[in-house]
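Reading through the structure tokens given below for one structure.
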Amino acid sequence: MEETLVESPRKLDDAVRLSDEHALRYRGDFPILDRKVHGKPLVYLDNSATSQKPRAVLDALEDYYTRLNANVHRGLHTLSEEATNAYEAARERVARFINAPARSLVFVRNTTEGINLVASAWGRKNVGAGDEILLSVMEHHSNIVPWQMLARETGAVLRYFDIREDGSLDMDQADDLITERTRIVSIAHMSNVLGTVNPVEAIVERAHDAGALVFVDAAQSVPHMAVDVARLGCDFFAFSGHKMCGPTGIGGLYGRPDLLETMDPYMGGGSMIDEVRLDGFTCADIPEKFEAGTPNIAHAIVFGDVVDYLSAIGVEHIHTHERALTDYTIERLSEIDGLTVYGHAPGRGGAISFNLDDMHPSDLSTVLDRQGIAIRAGHHCAQPLMRRLGTPYGATARASLYFYNTSEEIDTMIAAIHRARNLFSA
Amino acid sequence: MEDLTIVTMDTTIEEVLEDFEYLDDWEERYQEIIDLGKKLPPLDDAYKTDAYKVKGCVSQVWLVPHVAGTLPPTITFDADSDAHIVRGLVAILLMVYSGKTPRQILDADIEGIFDRLDLASHLSPSRSNGFRSMVKKIRSIAGGALAN
């Protein structure tokens, strides 16, 4: 791969060259990237759906089950004590990664569960008929449906930020949309379709002035940029481990401790109680109050190794190099006649959606797959945004990058897109 | 809505299977599938409604069955998709299933045929393109006709 990089036909600018060097330094950590698909080297460009896992994470998983496996928070034996310590140490590490206190970090399955938890446990207690919940048209279904469920139950009203032509959030609407009726604003930190990074700090300021809370769906941002919940000032913040080199089924929900303390539990069961009598129960302290039942111990502990792995690389480096590769990808895609890239907001991230003429994204993705290239085709769980963008077939193709991707892989994808076009126009 | 003329393709599944024996790279096979799709007469827009839509995620598929009152009944299908490759696959399905009796439909070895065409992955559950659902739907229509 190093050699072909040198032979690359176009002269890469310094930022892309550095991004490639960075990618090649870490690519070897990911065994799956050596795979072949349909006889071709895998080009994995579906990172917004899920990322690949480095050897360090695979080893940590094996280590847990080989050396440490026991249930947490209940045994007095050595293994249980060690597993509990590892579990709580992982909480500390993951919390530190987003600059939050450990007790404010609830282990959840994924971002979706984090949103549902808050919509249910906070929403049912704090949202009533006529109250407003503010979202945006670019939200993932996960950040729409739980609020729609809450609205259906309480009679609350959903309102939506629109987007501007370049795919950025239309903050000019903030004055109209954020009012004293607004109870919560729930917004994606980074769009999984447009790559837009939303101005969370500005939204937090406006919302707090109006007495509303802010939930940040950080599924697409935490893997790709340094985040600091204290600086963002948000009230809730959720992210998924599997999109940031971790295993599936583990994620984090940050909640302002004073809010978590007043919220009812989301699920009842073991671990979340202080005391149970036949006529009632009292809750454990936060965050255990929200972790009923045996948690995903193994993956929570490994989540700690995941953030250590990313911290060792440096999330700010990941961000810088991905920005360069994102610019390169958009530039190369834009050279293709009839190709539309969605989302041109300044500082956008590497989830890059596009359509080619009237080719169905499903056709494009199928033909790219035959050439070893994994992209996503579909509505990306953002049907309202597809309607808003007026995409043909209500869908787009999407290439999404991570720090192990190279410009050579982008070149391979571009060549494959040309080949697909020839196939369909033959 | 006017009655659809029942469309039969002039290519048979046997011919397709034979043609595919000579196509050794994926590009030629996909070209063939796309061409089969182009030969499939487009479905009247009036039928492209939710009632005839087969549930799928990425591309849309519509399926309109016609059960003839003969004994045993024969079932013909008109179908379409908004994606070219799926349209071609739909054309292959119609060659196998359309104009057949319920028993013939239920007995057809669709997995075997798609295996021989090296297209088996299109029947896998992860291809949420509605195509697999279409096979299920055709089989359930045949099952229903058989029960009557």
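General observations
- Computed over chain B, the per-residue total of -39500 (n - 2.57) for DSSP H runs of n ≥ 4 gives a 222 nm mean residue ellipticity of -14000 deg cm²/dmol, rounded to 500.
- Evaluated on region A:205-333, the Kirkwood hydrodynamic radius is 17.2 Å, with distances taken between all distinct Cα atoms.
- Two-site FRET efficiency, A:A89 against A:A202, from Cβ-Cβ distance with R₀ of 45 Å, rounded to 0.05: 0.80
- Euclidean distance of C-alpha centroids, region A:35-51 and region A:66-104, integer Å: 33
- For region A:3-89, the set of trypsin sites (Lys or Arg not before Pro) satisfying both a DSSP loop assignment and a count of at most 10 other C-beta atoms within 10 Å is given as A:R10, A:K11.
- Under a 5 Å amide H cut-off, with hydrogens placed 1.01 Å from N, B:V61 pairs with B:V54 among residues at least 5 apart or on other chains.
- Cα pair distances in region A:290-426, grouped into 5 Å bins until the bin that holds the longest one, percent each: 2, 9, 17, 18, 16, 13, 10, 8, 5, 2, 1, 0
- Cut-off of 10 Å, at most 16 other beta carbons, DSSP loop: longest stretch of chain A lacking such GluC sites (Glu not before Pro): A:1-164
- Label-point separation, A:R124 to A:L76 (7 Å along Cα→Cβ), nm: 3.6
- Per residue Cα convex hull volume in Å³ - calculated over the protein assembly as shown: 198
- Counted residue by residue at 0.36 nm each, then reduced by the alpha carbon distance between them, the extension gain from A:E261 to A:T248 reaches 1.9 nm.
- Computed FRET value (nearest 0.05) for A:E165 with B:A68, which takes r as the C-beta separation and R₀ as 41 Å: 0.15
- Peptides A:236-242, B:109-115 ranked from most to least packed by the mean count of surrounding Cβ atoms within 10 Å: A:236-242, B:109-115.
- Chain A: most fluctuating residue of A:I414, A:I336, A:I203 per GNM, C-alpha cutoff 10 Å: A:I336
- Computed lengthening from A:E331 to A:T179, 0.36 nm per intervening residue step minus Cα-Cα distance: 50.7 nm
- Relative to the Cα centre, the charge distribution of the protein assembly as shown, modelled as +1 at Lys and Arg Cβ and -1 at Asp and Glu Cβ, gives a dipole magnitude of about 1100 debye.
- Among B:V135, B:I113, B:A83 the positive-end extreme of the charge dipole of region B:75-137 (Cβ point charges): B:V135
- R0 of 56 Å, Cβ-Cβ distance B:D19-A:R277: FRET efficiency to nearest 0.05: 0.15
- Residue with peak Gaussian network fluctuation, chain A [Cα springs, cutoff 10 Å], from A:T262, A:T326, A:T154: A:T262
- On Cα atoms only, tilt of B:131-147 relative to the major axis of chain B in degrees: 30
- Across q = 0.11, 0.17 Å⁻¹, region B:19-106 modelled as identical point scatterers on its alpha-carbon atoms has Debye log10 I(q)/I(0) values of -0.35, -0.78, in the order of the q list.
- In terms of distances greater than 22 angstrom between alpha carbons, the cross-link table entries A:K36/B:K38; B:K53/B:K137; B:K100/B:K137; B:K39/B:K100; A:K53/B:K55; A:K125/A:K289 yield A:K36/B:K38; A:K53/B:K55.
- Computed over chain A: relative contact order in percent, which uses C-alpha pairs under 8 Å that are six or more apart: 23
- Semi-axes of the equivalent ellipsoid for region A:71-217, Cα gyration tensor, largest first, Å: 33, 18, 13
- Among B:S124, A:L325, A:G280 the positive-end extreme of the charge dipole of the protein assembly as shown (Cβ point charges): A:G280
- Rg/Rh for region A:280-368 (Cα atoms only, Rh after Kirkwood) is 1.22.
All of the numbers you see were taken from the coordinates with simple rules; none came from a lab. All values reported here derive from a predicted model rather than from experimental measurement. Ideal geometry is used to build each Cβ from the backbone, glycine not excepted, and the neighbour counts take in all protein chains shown.
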